[in-house]
Amino acid sequence: MAMELPPEDRLGRFFAGATEYTFESVLGVPDPDLIDYVSQLLIRFVRNDRTVPRSVHGLMLQDLDGMVEEANHRIGDAQRRLHRQIGDFALFWAGMFPEALRKSSRLGDHDQYVEYCAHGRLSYLAAARIEPVDDEAIPGDLLTRLSERFELCAYGLREIRREWENSVDGDDSGHGLWLN
């Protein structure tokens, strides 16, 4: 008898498999570190409260301009972590929900998708240039690759979202990947 995995484990396995397939087979990017990073990013973003950065005063920063301004007031490893978090935030939204970023452009506003991509690229690059304090920190060369391949990674995330939606739509067992 097969033991059923908790939803979090099923989701993690799905993201790991979908990310590996998408990046290696669909996009032709055989970069295990980048693939693992994107897969873990997806898992982290399932819990939104862990991904929204906070100011030094504890306030939630929910817009990119506020996040960038806060990063400019930090130094060293704190600045590196916040720049990385900005890159992650921008990549997640540009990849998984680009339509939400482009919605306002129909009303005559600027295209937030372009803004998110620019902030994401620059933030990953800024984080890569700051020497980490912790030996366990994300290597600068990986952050540089995320910056250089930002739009490709965002496209990969859109493909993973499409796969996710297809797996939920086609699941008759009631064991879809959506979490309550």
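Each value in this text was obtained by applying a stated rule to the coordinates, not by laboratory testing. Remember, predicted model here, so these are calculated numbers, not experimental data. Glycine gets a Cβ as well: all are built from the backbone with ideal geometry, and neighbour counts include every protein chain shown.
First select every other residue whose beta carbon is under 12 angstrom from the beta carbon of E151; then total the charges, Lys and Arg +1, Asp and Glu -1. Spell out each step's value before the answer.
Working: positive: R121, R149, R158; negative: E148.
Its environment carries a net charge of +2.
Efficiency by 1/(1 + (r/R0)^6): what FRET value for D141 and N166, r their Cβ-Cβ distance, R0 = 30 Å, to the nearest 0.05?
On the way: r = 34 Å, r/R0 = 1.13.
Here the calculated transfer efficiency is 0.35.
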